[in-house]
Amino acid sequence: MTGEGDLVLAHIRNKPAFFARIENIEADIKPAWFQVKMLVLQVPLVTITWILRDTYINGEEFTMGGHPVKLEKVVTPESTDAHQEATANDLAEIPSLDAVAATDEEPAPPQAANPTAKAKVVSLMAHKRKNSS
């Protein structure tokens with residue numbers, strides 16, 4: 001059973017869309033429906049409120065705007081030694097926040113697909129005059 005404080009993965013159109021924490025569940029004015037307030041875990045943080053039946057909160061598929069939607073409760077997997085080793089190796093490749101903050105370099109500007117090709121300048125005023133006459 002999914003409840004307040006649980007982490008869920010929202011699937012939209014049968015694809016994982018976002019993680020959210022259920023902040024509050026309260027009865028809606030319609031019988032057997034609930035207002036579910038969720039904190040969407042993205043940057044910046046966003047709160048949303050969906051009006052759902054309890055079966056939808058607990059993972060049954062429903063539709064919004066004609067698109068299939070499903071909330072899946074996220075359960076923390078049991079850790080194994082192999083999993084912990086892989087996680088430690090993965091973390092070794094992630095730069096620390098101190099290292100990222102210490103670099104004063106500006107990101108490189110995006111490169112053109114063909115750096116030797118000359119850009120063509122198009123006059124919008126000439127185009128406008130041509131179309132208005």
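Assigned to a loop (DSSP other than H, G, I, E, B) and modelled with pLDDT under 65: does that describe PRO109?
So PRO109 passes the test.
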Out of GLU23, GLU60, report the one residue that is acidic (Asp, Glu) and loosely packed, with under 14 Cβ neighbours inside 10 Å.
-> GLU60
Number of positions in region 48-57 that are within 20 Å of the chain's Cα centre (by Cα) and open to solvent by less than 20 Å² (accessible area, probe 1.4 Å) | 1
Residues (part of a strand (DSSP E or B) and open to solvent by 70 Å² or more (accessible area, probe 1.4 Å)) located in region 26-40 | GLU26, ALA27, LYS37
Determine which member of the set VAL43, VAL69 is modelled with pLDDT of 60 or more and open to solvent by 90 Å² or more (accessible area, probe 1.4 Å).
-> VAL43
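For region 1-16, enumerate the residues that are open to solvent by less than 100 Å² (accessible area, probe 1.4 Å), part of a loop (DSSP other than H, G, I, E, B) and closer than 14 Å to LEU52 by Cβ.
Of the residues in region 1-16, the ones open to solvent by less than 100 Å² (accessible area, probe 1.4 Å) are 2-3, 5-12, 16.
Adding the requirement that they be part of a loop (DSSP other than H, G, I, E, B) leaves 2-3, 5-6.
Passing the criteria: THR2, GLY3, ASP6.
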Within region 73-81, is there a residue that is assigned to a loop (DSSP other than H, G, I, E, B), at pLDDT 95 or above, under 21 Å from the mean Cα position of the chain (by Cα) and of a type outside the set (Lys, Arg)?
-> yes
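The values are calculated or read from the model by the stated rules, or taken from the named source; none is laboratory data. Here the structure is a predicted model, which means the values were calculated and not measured. We place every Cβ from the backbone using ideal geometry, glycine too, and count neighbours over all the protein chains shown. These area figures cover heavy atoms from the full protein model, side chains too; ligands, DNA and RNA do not enter into them. Shrake-Rupley method; radii C 1.70, N 1.55, O 1.52, S 1.80 Å.
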